[in-house]
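A short write-up of the structure that comes next.
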Amino acid sequence: MPYRIIQINPSATSNSRASVLVIYTGGTFGMVYEPQAGQLVPFDFERVVDRLPELNRLDFAISLLTLNEIIDSSNMKPAVWVELAQIIQDHYSSYDSFVILHGTDTMSFTASALSFMLEGLSKPVILTGAQLPIGVARSDARENFITALEIAAATEADRPLVPEVCVYFNSLLLRGNRSTKRESVQFNAFTSENYPHLANAGVSIDYNRPFIRPYQPNQSLKIHKTLDPNVTILKLFPGITQAVVESIVNIPSLRGIVLETFGAGNAPTDAWFLDVLKGTVDRGVLIFNVSQCEGGRVTQGQYQTSKHLLQIGVVSGADITTEAAITKLMVLLGREPGYGPEAVLRLRTLLAQPISGEMSE
């Protein structure tokens, strides 16, 4: 089914300095209070200017595309990521940048996935949303949306200031695959503990230029549309049993595990635990070591409790987030459908190194 695209600030079309395509996926952002129903309900987002007349004062063209099926972000799936990537590719030559309106619960997963799927990206893709619906008086939707648009349209010497996938929320611009949701009741919903903010929006928008990915004008956009969902997360806790670990690592068709370890990548040294993980690695399943701590990084081998993981072939995730780790696994496994030793070796090499700024060397 084709998408309908409408111009939401026609007055800016004739003399606009940039063009932004807004992709609306759903989420808290687009809800209003319906007195008759006595609850929040989605509103016709094509009438967003009625709620945000400020959009007419922006000096760049804004177009709106609404997904055919509006979803709560808790229902986000790889198929929707593929749909978003395809939309961006299809309209890549027609717009200078893209803003994706998205629910907050899985926004960091989507931002991370897109950062790996959009290879050769040289235009801004900014995800934003709201903690309170646009139909609520104290909503944060207005500032988040308008500033995300401003950042998407920002240029210097005819080049975009932020040519990468980002999350903008509550005055902070974060690299998408470095972000994680930390708050459900405060406006400062997202954090980036292991990478500096890319911009801070106060009276002016101050860009942290040394940490923004450089503009790469000679690259062509290539999207990766095959994602392998045969992955899982195994979070360690004191007292975890052999039966629990085995039930997870023996999932049929499993190809990748994000192993959430303690501190700097540490795990139990019980013989049964290491034997189970070694057997899993030996049969070609990738195990990616990610710290449960929001800040810091995995340094396998620093302590005796992580040295064993290094020895049996667990891949260090350095300072990657869980959201980036699981989506990186999905995308890389989709690019490499083979199960042979050579394929596994290539995947292990790619996992251990940054491919889109998601982890430090």
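A compact table of results
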| quantity | calculated |
| --- | --- |
| Gap separating the Cα centres of the stretch 98-130 and the stretch 160-181, nearest whole Å | 8 Å |
| Value in Å of the Kirkwood radius, where the stretch 133-206 supplies the Cα pairs that are averaged | 13.1 Å |
| Cα-based Lys proximity count in the chain, under 14 Å, for pairs eight or more positions apart or on separate chains | 4 |
| More than 28 angstrom apart: percent of Cα pairs within the stretch 1-147 | 16 percent |
| Other-chain or far-sequence residues with amide H under 5 Å of Phe190's (modelled H) | Arg182 |
| Near-label residues of the stretch 312-344 by backbone N, under 18 Å of a point 7 Å along Cα→Cβ of Asp282 | 312-315, 340-342, 344 |
| On Cα atoms only, tilt of 78-90 relative to the major axis of the chain in degrees | 50 degrees |
| The stretch 237-254 versus the stretch 257-321: alpha-carbon centroid distance in Å | 14 Å |
| Glu150-Leu52 pseudo-label distance in nm [points 7 Å out on the Cα-to-Cβ vector] | 1.3 nm |
| Spread of Cα-to-Cα distances over 20 Å intervals beginning at zero, given as percent, for the chain | 29, 53, 17, 0 |
| Label-point separation in nm, Ile70 to Asn200, each point 7 Å along Cα→Cβ | 3.6 nm |
| Candidates Lys328, Lys123, Lys181, ranked by Gaussian network fluctuation over the chain, Cα under 10 Å, top entry | Lys181 |
| Label point distance in nm, Tyr339-Gln302, each placed 7 Å from Cα along Cα→Cβ | 3.6 nm |
| The stretch 109-251: radius of gyration and largest Cα-Cα distance (Dmax), Å | 18.4, 60 |
| Principal axis dimensions, largest first and in whole angstrom, of the stretch 231-351 by Cα | 34, 30, 22 |
| Max mean-square fluctuation residue, GNM over the chain, Cα-Cα springs under 10 Å, options Ala85, Ala243, Ala153 | Ala243 |
| Cα-Cα separations in the stretch 170-241 greater than 15 Å, expressed as whole percent | 73 percent |
| From phi via Karplus (6.51, -1.76, 1.60), per-residue ³J(HN,Hα) for the stretch 154-159 in Hz, x at Gly/Pro | 5, 9, 8, 6, 6, 10 |
| Distant-in-sequence amide H partners of Thr66 (H built 1.01 Å from N, under 5 Å) | Arg4, Tyr24 |
| Linear extension gain, Lys77 paired with Arg4, 0.36 nm per residue minus alpha-carbon span | 24.1 nm |
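Any read-out appearing in this document is the output of simple, stated calculations on the displayed coordinates, not a laboratory observation. Bear in mind the structure is a predicted one, so any value in this text is a computation, not a measurement. Here the Cβ is made from the backbone with ideal geometry for all residues, glycine too, and neighbour counts use every protein chain on show.
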